[in-house]
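> Encoded as structure tokens, here's the structure I'll be asking about.
The values are calculated or read from the model by the stated rules, or taken from the named source; none is laboratory data. Just so we're clear, the structure is a prediction, and the values are computed from it rather than from any experiment. Neighbour counts run over all protein chains shown; Cβ positions are idealised from the backbone, glycine included.
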Amino acid sequence: MTIRPPIAMLAELTHRCPLSCPYCSNPVELARTETELPTEDWVRVFGEAAELGVLQLHLSGGEPASRRNLAELVRAARAAGLYTNLITSGIGLTEARLRELDAAGLDHIQLSLQGTDAEMADAIGGYRGGFMRKMQVAGWIKAIGFPLTLNTVLHRRNLHQLPRALEMAEEMGARRIEVATVQFHGWALKNRDALMPTREQAKEATRIVAEARARLKGRLVVDYVPADYHSDYPKRCMGGWGTTGLNVAPDGTVLPCHAAQTIPHLTFENVRDKPLSEIWYQSPAFNAYRGTGWMPEPCQSCDRREADFGGCRCQAMALAGDAGATDPVCIKSPHHAALQARAAAHAEGPDALIYRIAPGKPLPLIAGAATGSEARPAERIAAENS
Amino acid sequence: MDPTAIPDLPRGVRVHFDKVRETWVLLAPERTVTLDPVAHAILSEVDGKRSFGEITARLAELYAAPQDQIAADSAGFLGALRDRLFLDLAS
Ligand code: SF4
Ligand code: SF4
């Protein structure tokens, strides 16, 4: 099998985040600040990534603005030849910092939206005043002229706000909006009951998106990730394991996907110990699910096997207890019926949200606090290949 | 495509030489488009000043090909970029 070089790298600069989104896909155990990769290592890794073939760099977290020297990192990434995208909640950015990022050559900003009004957004983000602040940041982004994508995660609580989110994207001058139905990895697994949309809601979102795409053609691009728990086929996770993208965690661990550490038999290497290209081409974790050789039935003889690569390995792990199984979302999986029943049960589950509680964090409005990783890197990287 | 329209790459969209894959690509927000030699030739003429008509005339001369053929190919390619908002068109 020939291994192609990766196109995209997600650099999780830190797990620190002022928000506490209940759907955060970061792990339950966050990397501590002391273990974060220092700037000079990131700079070296950006160079190694460009040499390896990475074109697109996503600076993410946690909240990447929590790294004080963000502009220095952006400058280094641009110098290495990478297209740099900042994935942010906006909290922690000031007008001065945005101007500094502009001067450093930042190519694009992806701003998350937790809700379309302060009441919803601050309750979901668990951060009072967050919405007001974000609107201010959106104003600065527009004034400076950064290309902008608005990113919104849909779930049972806020799905009805989708039409307003589309309007807000236009008002902010975004050229693109990413509408993603909540996925359940990391912390989000704790909140399946409160966040799982109903099948009807999922259908309604699909209808709104189709209508918006027709109406806004040439003005706003709408990228959409439907609810996969209510689907018949899985998504092509990460564009295929080890084919398109890689993630570097805050401590330098290199992962084939954001949630890969939930697969207990895999061990992951670190950019502190090995060059990125060696990790990409040779590490057992990247080779574990590359291609189609590892696949069991029904994938092995399925004509979609190179279209979806058997779906998500982490989802297979979480739902079928076996990372090497067919993604239970697939209609051909023996777990499919049980999964759909579970999704329906979660959709009727209790509404209480569970937040991360972290030392030094203000208590969120409803209960305790989580990270604002609105990045669902898997979809992003899959889309990049299109 | 209107021959007087002026195409331009908006901020956040740029042409880049991918030295690892030895090909030109168009980098855009969270997307990468591989450019074949024809696509690269077309984008090389896009500077935010020349009109679509001027661009196709130049390409016709450069490649000694009929301008209407070039215009049809270019309109297809640039139109697709426009639909994805990777290209601005000023009239
Ligand atoms: S059986 Fe496997 S390859 Fe076929 S559609 Fe399902 S997940 Fe994809
Ligand atoms: S299966 Fe792929 S996309 Fe899904 S969580 Fe794992 S690595 Fe990410």
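> Quick one: in the range A:289-305, which of the residues that are touching a residue at least 40 places away in the same chain (Cβ under 8 Å) and more than 7 Å from ligand 1 (Cβ to nearest atom) is farthest from the chain's Cα centre (by Cα)? Walk me through it before giving the result.
Narrowing the range A:289-305 to residues touching a residue at least 40 places away in the same chain (Cβ under 8 Å): A:289-291, A:293, A:304.
Of the ones still in play, those that are also more than 7 Å from ligand 1 (Cβ to nearest atom) are A:289-291, A:293.
Details: A:289: 20, A:290: 21, A:291: 23, A:293: 27 Å.
Selected residue: A:293.
> What number goes with the only condition from (1) within 14 Å of chain A (Cβ to nearest Cβ); (2) surrounded by fewer than 18 Cβ atoms within 10 Å (Cβ to Cβ) that residue B:32 does not pass?
Here residue B:32 meets the rest and fails (2).
> Also: Please tell me if residue A:109 is in contact (Cβ under 8 Å) with a residue 60 or more places away in the chain and either surrounded by 21 or more Cβ atoms within 10 Å (Cβ to Cβ) or more than 17 Å from the chain's Cα centre (by Cα) (or both). Even if it seems obvious, please write down each step before you answer.
Values: in contact (Cβ under 8 Å) with a residue 60 or more places away in the chain: no; either surrounded by 21 or more Cβ atoms within 10 Å (Cβ to Cβ) or more than 17 Å from the chain's Cα centre (by Cα) (or both): yes.
Here the answer is no, as residue A:109 does not meet what is asked.
> Out of (1) over 23 Å from residue A:341 (Cα atoms); (2) more than 16 Å from ligand 1 (Cβ to nearest atom); (3) at pLDDT below 95, what's the single condition that is false for residue A:139?
So the condition that residue A:139 fails would be (3).
> Now for a separate question. Condition first: more than 22 Å from residue A:19 (Cα to Cα), touching a strand residue (DSSP E or B) at 6+ places or on another chain (Cβ under 6 Å) and within 14 Å of another protein chain (Cβ to nearest Cβ). Can you find one or more residues in the range A:100-114 that meet it?
Looking only at the range A:100-114, we keep the residues that are more than 22 Å from residue A:19 (Cα to Cα), and these are A:100, A:102-107.
With touching a strand residue (DSSP E or B) at 6+ places or on another chain (Cβ under 6 Å) added as a condition, the list becomes A:106-107.
Of the ones still in play, those that are also within 14 Å of another protein chain (Cβ to nearest Cβ) are A:106-107.
Within the range A:100-114, one or more residues are more than 22 Å from residue A:19 (Cα to Cα), touching a strand residue (DSSP E or B) at 6+ places or on another chain (Cβ under 6 Å) and within 14 Å of another protein chain (Cβ to nearest Cβ).
> Here is a further query. Looking at A:59, A:86, which is the one that is over 21 Å from residue A:187 (Cα atoms) and touching a strand residue (DSSP E or B) at 6+ places or on another chain (Cβ under 6 Å)?
Values: A:59 fails: over 21 Å from residue A:187 (Cα atoms).
The conditions single out A:86.
> Taking the residues in the range B:37-87 that are among the acidic types (Asp, Glu) and at pLDDT below 95 as candidates, determine which candidate is farthest from residue B:6 (Cα to Cα).
Narrowing the range B:37-87 to residues among the acidic types (Asp, Glu): B:45, B:47, B:54, B:61, B:68, B:73, B:83.
Narrowing further to those that are at pLDDT below 95: B:61, B:68, B:73, B:83.
Details: B:61: 19, B:68: 18, B:73: 17, B:83: 15 Å.
Only one residue tops the list, namely B:61.
> Does residue A:286 count as within 16 Å of ligand 1 (Cβ to nearest atom), at pLDDT 85 or above and surrounded by 18 or more Cβ atoms within 10 Å (Cβ to Cβ)? Spell out how you get there, then give the answer.
Details: within 16 Å of ligand 1 (Cβ to nearest atom): no; at pLDDT 85 or above: yes; surrounded by 18 or more Cβ atoms within 10 Å (Cβ to Cβ): yes.
Judged against the criteria, residue A:286 is not a match.
> How many residues are within 13 Å of ligand 2 (Cβ to nearest atom), over 22 Å from residue A:53 (Cα atoms) and assigned to a loop (DSSP other than H, G, I, E, B) if we restrict to the range A:246-268?
3
> In addition: Name every residue in the range A:213-245 that is assigned to a strand (DSSP E or B), more than 27 Å from residue A:168 (Cβ to Cβ) and more than 16 Å from ligand 2 (Cβ to nearest atom), in order of residue number.
Let us first name the residues in the range A:213-245 that are assigned to a strand (DSSP E or B), namely A:221-225, A:245.
With more than 27 Å from residue A:168 (Cβ to Cβ) added as a condition, the list becomes A:245.
None - no residue of the range A:213-245 is assigned to a strand (DSSP E or B), more than 27 Å from residue A:168 (Cβ to Cβ) and more than 16 Å from ligand 2 (Cβ to nearest atom), so the list stays empty.
> Anything in the range A:293-304 that is away from ligand 2 (no atom under 15 Å from the Cβ) and over 10 Å from residue A:326 (Cβ atoms)? List them, or say none.
A:293, A:301, A:303, A:304
> Follow-up. In the range A:306-335, which residue that is more than 10 Å from ligand 1 (Cβ to nearest atom) and either on the phi > 0 side of the Ramachandran plot or surrounded by 20 or more Cβ atoms within 10 Å (Cβ to Cβ) (or both) is farthest from the other protein chains (Cβ to nearest Cβ)? First the steps, then the outcome.
Quick first cut of the range A:306-335, residues more than 10 Å from ligand 1 (Cβ to nearest atom) only: A:313-315, A:317-324, A:334-335.
Those still in the list that are either on the phi > 0 side of the Ramachandran plot or surrounded by 20 or more Cβ atoms within 10 Å (Cβ to Cβ) (or both) too: A:313-315, A:317, A:319, A:321, A:323.
Values: A:313: 22, A:314: 21, A:315: 22, A:317: 26, A:319: 28, A:321: 33, A:323: 27 Å.
Only one residue tops the list, namely A:321.
> On to the next question. Within the range A:112-153, how many residues turn out to be touching a residue at least 60 places away in the same chain (Cβ under 8 Å) and among the aliphatic types (A, V, I, L, M)?
3
> Now for a separate question. List the number of the failed condition for residue B:75; all other conditions in (1) touching a Leu at 6+ places or on another chain (Cβ under 8 Å); (2) more than 14 Å from every other protein chain (Cβ to nearest Cβ); (3) not basic (Lys, Arg) hold.
Tallying (1) touching a Leu at 6+ places or on another chain (Cβ under 8 Å); (2) more than 14 Å from every other protein chain (Cβ to nearest Cβ); (3) not basic (Lys, Arg), residue B:75 fails exactly one: (1).
> Moving on to the next point. Would you call residue A:194 surrounded by fewer than 23 Cβ atoms within 10 Å (Cβ to Cβ) and at pLDDT below 90?
On the way: surrounded by fewer than 23 Cβ atoms within 10 Å (Cβ to Cβ): yes; at pLDDT below 90: yes.
Yes: the conditions hold for residue A:194.
> Report yes if residue A:93 is under 19 Å from residue A:173 (Cβ atoms), more than 11 Å from chain B (Cβ to nearest Cβ) and within 23 Å of the chain's Cα centre (by Cα), otherwise no. Lay out the reasoning, then the answer.
Values: under 19 Å from residue A:173 (Cβ atoms): yes; more than 11 Å from chain B (Cβ to nearest Cβ): yes; within 23 Å of the chain's Cα centre (by Cα): yes.
Yes: the conditions hold for residue A:93.
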